[in-house]
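Asks: Mind having a look at this structure? Questions to follow.
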Amino acid sequence: MIWEWKFPCWDLFLVNKNTNKMIWIILLLALMLRLININQSLWLDEATQAILSSKSLEYIWFQRGGDFHPPLSYILTHFWLMLGSSEIWLRFLPVLFGVGTVYGVYLLGKKMVDQKLGLLAALFLAIAPYHIYYSQEFRMYSQATFFATWSIYFLLTTRRRAFISTTGALIYTHYMGLFVIAAQFLYILGYQKKQLSLYLKNSSLVLVLYLPWLPQFLTQLQVGVNIDQYLPGWRDILSLSLVKALPLTFIKFSLGRIDFENVVFYGLVAIVVLGVFGLLLLRGVQSAWRQNQLLLYWLAVPVLLSFLISFKIPLYQPFRLLLVLPAFYLLIALGISSLGKWKKWAITAVIFVSLSGLLLYYTDSKFQREDWRGATEAFPNAVFAWPVPFDPYIWYGGKGIGVVKHFPAKENEVAQNLANAKLENRVYVFEYLQALSDPQRITQLELIKNGYKLIKTQNFRGVGFVNLYQR
């Protein structure tokens, strides 16, 4: 038997006679792994999502010109917030989408090859540290991945209404969804020309549904193109260096958001992981080239389009490409299926790498989210080298002020804003993103000019240093 496995722990997934029940075990595993550490503090982007989602539907649709995302995720979370606002409750929504994606991958693998390949791909995604991390993120990435997966599935099963619904939801959730449509179109054009007319009809209906959002999209696009004019240096945060972009994407897809301070050690780990996953991916690509070309387009087209567009608009980050991760693991599973006697070692290697990355994420706080909850509780009244206090500080009840209104900071402006603030004798200053807004540390220098002295500095995970100045 091609899938036979000698060790009982893997027999549960691969050769048990009741294979129809195995997907439910995998889904339960996926749910359990995504519930661990779900009570972390909201970080910057999550708090921004929560604050924007708490506003009116009219605001969500018409007044987010500076936020480069479609509205559906904010609308869904708008209603989700009506039922609760704890970190656990907010993140339970993306957890559900994450588990739903695992099930979609199972059905895709079953449809494309057979049930056992679907189970293996679903298992890999269920324990994938990168997918687990963003299945816990109160953002749109888990939702976009869910809709992309089911859009591909309904494309293959020619379920027209379901395809239109999930594809429409996809591009109303994340702009990268347009790249998935491009991948589908190129696949149909190259390999399924008999279905081209039907696909064009269906996708045209999807784009018609998108027309109401088009004016807002153009407004957001204009902001994205001109971002360097009003936020100098922000491009480096929004997008990876294009030299590092592709290798880092596949390292993170394989290992998760883990890195190591020792550059040499991290390089060695990266080489080993890329070598193992690269070999399996190559075997999967070879198999897919013969029978499942859609997987190749799903993985490659969004990655390449993101890379090319980032020369103009800073958008290339691996997490924005989470919606191709199911294709990545389906190709890995497909590659393993062609290995013969080495199959069990390849499965062990993928599981070992995934669980290692997952264990580091669970147990090492430096790989977890910014601790704004702790920082705000410790310093509920503070100064920021930014136009206003950051959203997570506001979300957790902070009452601070921002003293840098234009980037980079100007001495006269900062001095005037500090004077207007009527500060007390003890002042807390957050350094978060100050390298962008106030690289010369004018805020701190002005405090010193006014008789303040640095008393102590405290470091919060991800938030960075908070300085206490006293006069």
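The values are calculated or read from the model by the stated rules, or taken from the named source; none is laboratory data. Every value quoted in this text rests on a predicted model; they were computed, and no experiment measured them. Don't worry about glycine lacking a Cβ; one is built from the backbone with ideal geometry, like all the others, and counts go over all protein chains shown.
Asks: Kindly establish whether Arg159 is surrounded by fewer than 24 Cβ atoms within 10 Å (Cβ to Cβ) and under 13 Å from Phe97 (Cα atoms). Step through it out loud before you land on a result.
Replies: Numbers: surrounded by fewer than 24 Cβ atoms within 10 Å (Cβ to Cβ): yes; under 13 Å from Phe97 (Cα atoms): no.
It is false that Arg159 is surrounded by fewer than 24 Cβ atoms within 10 Å (Cβ to Cβ) and under 13 Å from Phe97 (Cα atoms).
Asks: Another question, then. Please verify whether Leu325 is part of a helix (DSSP H, G or I) and at pLDDT 95 or above, treating the condition exactly as stated.
Replies: On the way: part of a helix (DSSP H, G or I): yes; at pLDDT 95 or above: yes.
So Leu325 passes the test.
Asks: Output the number of the condition that Lys399 fails; it satisfies all remaining conditions of (1) among the basic types (Lys, Arg); (2) closer than 12 Å to Phe379 by Cα; (3) outside any loop (DSSP other than H, G, I, E, B).
Replies: With respect to (1) among the basic types (Lys, Arg); (2) closer than 12 Å to Phe379 by Cα; (3) outside any loop (DSSP other than H, G, I, E, B), Lys399 is out only on (3).
Asks: If I ask for residues that are modelled with pLDDT of 75 or more and of a type in the set (Asp, Glu), which ones from the stretch 233-260 would you list?
Replies: At the first step, the residues of the stretch 233-260 found to be modelled with pLDDT of 75 or more are 244-260.
Listed by number, the list holds a single entry, Asp259.
Asks: Can you name every residue in the stretch 412-438 that is surrounded by 14 or more Cβ atoms within 10 Å (Cβ to Cβ) and either without any contact (Cβ under 8 Å) to a residue 24 or more places away in the chain or part of a loop (DSSP other than H, G, I, E, B) (or both)?
Replies: Once the filter is applied, which keeps residues that are surrounded by 14 or more Cβ atoms within 10 Å (Cβ to Cβ) and either without any contact (Cβ under 8 Å) to a residue 24 or more places away in the chain or part of a loop (DSSP other than H, G, I, E, B) (or both), the stretch 412-438 yields Glu413, Gln416, Asn417, Leu423, Glu431, Tyr432, Leu433, Asp438.
Asks: Specify the residue that is farthest from the chain's Cα centre (by Cα); the eligible residues are those in the stretch 85-112 that are without any contact (Cβ under 8 Å) to a residue 40 or more places away in the chain and more than 19 Å from Trp43 (Cβ to Cβ).
Replies: Looking at residues that are without any contact (Cβ under 8 Å) to a residue 40 or more places away in the chain and more than 19 Å from Trp43 (Cβ to Cβ), I get Lys110.
Asks: Follow-up question, since we're still on this one. Would you pick out the residues in the stretch 334-372 that are within 30 Å of Val429 (Cβ to Cβ) and in a helix (DSSP H, G or I)? Spell out the reasoning first.
Replies: Within the stretch 334-372, the first condition is being within 30 Å of Val429 (Cβ to Cβ), and the residues that meet it are 364-372.
Within the stretch 334-372, Ser365, Lys366, Phe367, Trp372 meet the criteria.
Asks: Within the stretch 197-206, can one find any residue that is under 17 Å from Leu108 (Cβ atoms), assigned to a helix (DSSP H, G or I) and in the same structural domain as Val102 (by TED's automatic domain parsing)? Before the answer, list the steps.
Replies: The initial filter retains those residues of the stretch 197-206 that are under 17 Å from Leu108 (Cβ atoms), namely none.
For the stretch 197-206, residues under 17 Å from Leu108 (Cβ atoms), assigned to a helix (DSSP H, G or I) and in the same structural domain as Val102 (by TED's automatic domain parsing): absent.
Asks: Please pick out the residue among Ala378, Ala382 that is over 24 Å from Pro439 (Cβ atoms), in contact (Cβ under 8 Å) with a residue 60 or more places away in the chain and in contact with a strand residue (DSSP E or B) (Cβ under 8 Å, 6 or more places away or on another chain).
Replies: Details: Ala382 fails: over 24 Å from Pro439 (Cβ atoms).
Answer to the selection: Ala378.
Asks: Could you please give the count of residues in the stretch 159-183 that are more than 23 Å from Ala128 (Cβ to Cβ) and either within 23 Å of the chain's Cα centre (by Cα) or touching a residue at least 12 places away in the same chain (Cβ under 8 Å) (or both)?
Replies: 13
Asks: Determine, yes or no, whether Phe163 is in a helix (DSSP H, G or I) and not hydroxyl-bearing (Ser, Thr, Tyr).
Replies: Details: in a helix (DSSP H, G or I): yes; not hydroxyl-bearing (Ser, Thr, Tyr): yes.
Criteria met by Phe163.
Asks: State whether one or more residues within the stretch 58-80 are in the same structural domain as Ser354 (by TED's automatic domain parsing), small (Gly, Ala, Ser) and surrounded by fewer than 24 Cβ atoms within 10 Å (Cβ to Cβ). Break it down stepwise before answering.
Replies: From the stretch 58-80, those in the same structural domain as Ser354 (by TED's automatic domain parsing) are 58-80; that's our starting set.
Checking the rest, the ones that are also small (Gly, Ala, Ser) come to 65-66, 73.
Retained after the next criterion (residues that are surrounded by fewer than 24 Cβ atoms within 10 Å (Cβ to Cβ)): 65-66.
Yes: the stretch 58-80 contains one or more residues that are in the same structural domain as Ser354 (by TED's automatic domain parsing), small (Gly, Ala, Ser) and surrounded by fewer than 24 Cβ atoms within 10 Å (Cβ to Cβ).
Asks: Still on this model: If you take the residues of the stretch 334-374 that are charged (D, E, K, R) and surrounded by fewer than 17 Cβ atoms within 10 Å (Cβ to Cβ), which of them is modelled with the lowest pLDDT? Break it down into steps so the answer makes sense when it comes.
Replies: Initially, the stretch 334-374 is screened for residues charged (D, E, K, R), giving 341, 343-344, 364, 366, 369-371, 373.
Okay, now just the ones that are also surrounded by fewer than 17 Cβ atoms within 10 Å (Cβ to Cβ), so 341, 364, 366.
Numbers: Lys341: 84, Asp364: 91, Lys366: 88.
Ranking the qualifying residues of the stretch 334-374, first place goes to Lys341.
Asks: Okay, moving on. If you check Leu331 against the conditions, is it free of Cβ contacts under 8 Å to residues at least 60 places away in the same chain and in a helix (DSSP H, G or I)? Break it down stepwise before answering.
Replies: On the way: free of Cβ contacts under 8 Å to residues at least 60 places away in the same chain: yes; in a helix (DSSP H, G or I): yes.
Yes; evaluated as a whole, the condition is true for this residue.
Asks: Let me confirm something: among Ser310, Ser337, which residue is over 23 Å from the mean Cα position of the chain (by Cα) and under 30 Å from Leu186 (Cβ atoms)?
Replies: Details: Ser310 fails: over 23 Å from the mean Cα position of the chain (by Cα).
On inspection, the qualifying residue turns out to be Ser337.
Asks: When you go through Leu308, Leu322, Leu331, Leu304 one by one, which is the residue that is out of contact with any Phe, Trp or Tyr (no Cβ under 6 Å at 6 or more places or on another chain), among the hydrophobic types (A, V, I, L, M, F, W, C) and crowded, with 23+ Cβ neighbours inside 10 Å? Talk me through it step by step, then tell me what you get.
Replies: On the way: Leu308 fails: crowded, with 23+ Cβ neighbours inside 10 Å; Leu322 fails: out of contact with any Phe, Trp or Tyr (no Cβ under 6 Å at 6 or more places or on another chain); Leu304 fails: crowded, with 23+ Cβ neighbours inside 10 Å.
When all the criteria are applied, what remains is Leu331.
Asks: Determine which member of the set Ile313, Ile394 is hydrophobic (A, V, I, L, M, F, W, C) and touching a Gly at 6+ places or on another chain (Cβ under 6 Å). Full working, then the answer.
Replies: Values: Ile394 fails: touching a Gly at 6+ places or on another chain (Cβ under 6 Å).
None of the others qualify; the one that does is Ile313.
Asks: Scan the stretch 314-332 for residues that are under 18 Å from Val353 (Cβ atoms) and either not hydrophobic (A, V, I, L, M, F, W, C) or not assigned by TED's automatic domain parsing to the domain that holds Val273 (or both) and jot them down.
Replies: Correct list: Pro318, Pro326, Tyr329.
Asks: Looking at (1) of a type in the set (Gly, Ala, Ser); (2) exposed (fewer than 14 other Cβ atoms within 10 Å of the Cβ); (3) out of contact with any Asp or Glu (no Cβ under 9 Å at 6 or more places or on another chain), which one does Gly397 not meet, given that it meets all the others?
Replies: (3)
Asks: Hey, which of the helices (runs of 4 or more DSSP H) in the stretch 51-114, taking only ones fully inside, have at least 3 residues that are of a type in the set (A, V, I, L, M, F, W, C) and under 23 Å from Phe163 (Cβ atoms)?
Replies: Numbers: elements: 57-62, 72-80, 87-112.
Qualifying helices (runs of 4 or more DSSP H): 72-80, 87-112.
Asks: Pick from the stretch 243-291 the residues that are among the hydroxyl-bearing types (Ser, Thr, Tyr) and under 19 Å from Leu331 (Cβ atoms): which of them is surrounded by the most Cβ atoms within 10 Å (Cβ to Cβ)? Step through it out loud before you land on a result.
Replies: Quick first cut of the stretch 243-291, residues among the hydroxyl-bearing types (Ser, Thr, Tyr) only: 249, 254, 266, 287.
Restricting the remaining residues to those that are under 19 Å from Leu331 (Cβ atoms) gives 249, 254, 287.
Working: Thr249: 22, Ser254: 25, Ser287: 19.
Restricting to residues being among the hydroxyl-bearing types (Ser, Thr, Tyr) and under 19 Å from Leu331 (Cβ atoms), the top hit is Ser254.
Asks: Enumerate the pairs (first residue in the stretch 283-300 and touching a residue at least 12 places away in the same chain (Cβ under 8 Å); second residue anywhere and polar (S, T, N, Q) and in a helix (DSSP H, G or I)) with beta-carbon separation below 9 Å, excluding pairs fewer than 6 apart on the same chain, so at least 6 apart or on different chains.
Replies: If the second residue must be polar (S, T, N, Q) and in a helix (DSSP H, G or I), the pairs left are Leu294/Gln184; Tyr297/Gln184; Trp298/Gln184.
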